[in-house]
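Just below is one structure, and these are the notes that go with it.
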Amino acid sequence: MILVVGGAGYIGSHLVKELVKNEEVVILDNFSTGFRSLVDSKALLIEGNLGDTAVLNDIFTQYPIKAVMHFAANSLVGESVQEPYKYYENNVAATITLLNTMLKYNIKNFIFSSTAATYGIPNVDIIDEEQPTNPINPYGRSKLFVEHILEDFAQAYGLHYVVLRYFNAAGAHDSGEIGESHDPETHLIPIILQHLLGQREKISVFGTDYDTPDGTCIRDYIHVTDLAKAHILALNALLSGKKNTAIYNLGNGRGFSVKEVIDTCEKVTGIKSKIEYTDRRPGDPARLVASANRIYEDLGWKAAISLEEIIGSAWKWHKSQKS
Ligand code: UDP
């Protein structure tokens, strides 16, 4: 049985959809940012906090958990600057409690959702895992702290872990049953699509003077089902003993500017958008594009879904959500 912490969130719920095909799954979620509608009916749901030892004791006593996958984090850069306590409390302190309780029950396999934000402002166009980590906001730091903790726990307590550093997760499941939901929504693709559905008056492009060909920020967008598949391979690598510790980037290896993403959304939907160009958003590096060669070489994983397909799947989901 696998415990998925944060299985009612955007990325966690897409992972669960893949995982339930082969494993029994327990979800622990407190619905602070997750949604009941995203919970897979094939998984067992426990409502609670990941930093609550009593809840964790109950789960680890009752169920034969062989690995824990951790998706339950606060993940908004801007909010982390305003409310760092929340980020260090939930993303770091509660995660230490989770790890400590796992170890008490001799559960030693852990998959951790990390982020490209751990790199800060990179000096290279394509970022591989050898690049220095210099996060520029509390969110990125909270994830990097846990990465260091995992390294130390592996040394001292024999924890086995895989860290997955996501670039920009996007898109929706092909079943049409689940997709990207945040409240409030801050992410580029859902915001564009909500605008194209008439739910927002316009799209604001944050900054046009970046050192990129069209002046807008470049990101590496990766479909959430591609991400989910990487997690399954990472889990199997831990469970089979193929890997004891690893850090992998998850991206497409191809960047798109904010303008290119808007153009692609217009192309996929056939609808023209209204754009407002505004100042930069604090904390945004100009360009974040992954090299995901390491996970390809180690586990054979490669992103397979294109930006058009990502947007197409998200469009189908957003249309179905329109009330
Ligand atoms: N962005 C934008 N307008 C928006 C939302 C986002 O111009 O309404 C830009 C943002 O500045 C960044 C890119 O789109 O360069 C992706 O932002 P998002 O919040 O989706 O993901 P992040 O890269 O912050 O994880």
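Per residue, the convex hull spanned by the Cα atoms of the range 1-40 amounts to 49 cubic angstrom.
Evaluated with a Cβ-only charge set (Lys, Arg +1; Asp, Glu -1), the chain carries a dipole of roughly 440 debye about its Cα centre, given to the nearest 20.
Taking every alpha-carbon pair under 8 Å whose residues sit at least 6 apart, the chain reaches a relative contact order of 19 percent. The Rg/Rh ratio of the range 194-266, with Rg taken over Cα atoms and Rh as the Kirkwood radius over Cα pairs, comes to 1.16. For the range 109-249, the alpha carbon positions stretch 53, 39, 24 Å along the principal axes, listed from largest to smallest. P(r) for the chain, from all Cα pairs and a bin width of 10 Å, is 6, 27, 37, 23, 7, 1 %, short bins first.
Between GLY120, GLY312, GLY300, the GNM of the chain built on Cα springs shorter than 10 angstrom shows GLY300 fluctuating the most. In order along the range 241-258, phi translates into HN-Hα couplings of x, 5, 10, 9, 9, 7, 10, 10, 6, 10, x, 8, x, 9, x, 10, 7, 4 Hz, rounded to whole numbers, per the Karplus curve 6.51 cos²θ - 1.76 cosθ + 1.60 with θ = phi - 60° and x for Gly and Pro. The phi torsions of the range 58-66, fed into the Karplus equation with coefficients 6.51, -1.76 and 1.60 and a -60° offset, translate into couplings of 4, 5, 6, 7, 7, 10, x, 7, 9 Hz, rounded to whole numbers, with Gly and Pro shown as x. For the range 20-135, the percent of C-alpha pairs falling in each 5 Å distance bin, counted from 0 to the bin holding the largest distance, reads 2, 9, 18, 20, 18, 14, 10, 7, 2, 0. Along its principal axes, the range 151-210 has C-alpha extents of 54, 39, 19 angstrom, given from the largest down.
Set against the 2.2 N^0.38 Å expectation for a compact globular protein, the range 231-276 has a Cα radius of gyration ratio of 1.99. Taking the Cα centre of the range 1-57 as reference, the dipole from Cβ charges on Lys and Arg (+1) and Asp and Glu (-1) amounts to some 160 debye.
Treating only the Cα positions of the range 187-323 as identical point scatterers, give the base-10 log of I(q)/I(0) from the Debye formula at each q in 0.13, 0.18 Å⁻¹. Ignoring solvent entirely, the Cα scatterers give -0.65, -1.03. Placing a label point 7 Å from the Cα of MET1 along the Cα-to-Cβ direction, the residues of the range 32-46 whose backbone N falls under 13 Å from that point are 43-46. If you wrap the tightest convex hull around every Cα atom of the range 88-129 and split its volume per residue, you get 83 Å³. Scaling against 2.2 N^0.38 Å puts the C-alpha radius of gyration of the range 1-86 at 1.10. With neighbour counts taken as other beta-carbon atoms within 10 Å, the residues ARG280, ARG219, ARG294 rank, fewest first, as ARG280, ARG294, ARG219.
Only the coordinates and a few stated rules stand behind these numbers; no lab work does. Model, not experiment: these values are computed from the prediction. Because the Cβ atoms are built from the backbone with ideal geometry, glycine has one as well, and the counts that use them run over all protein chains shown.
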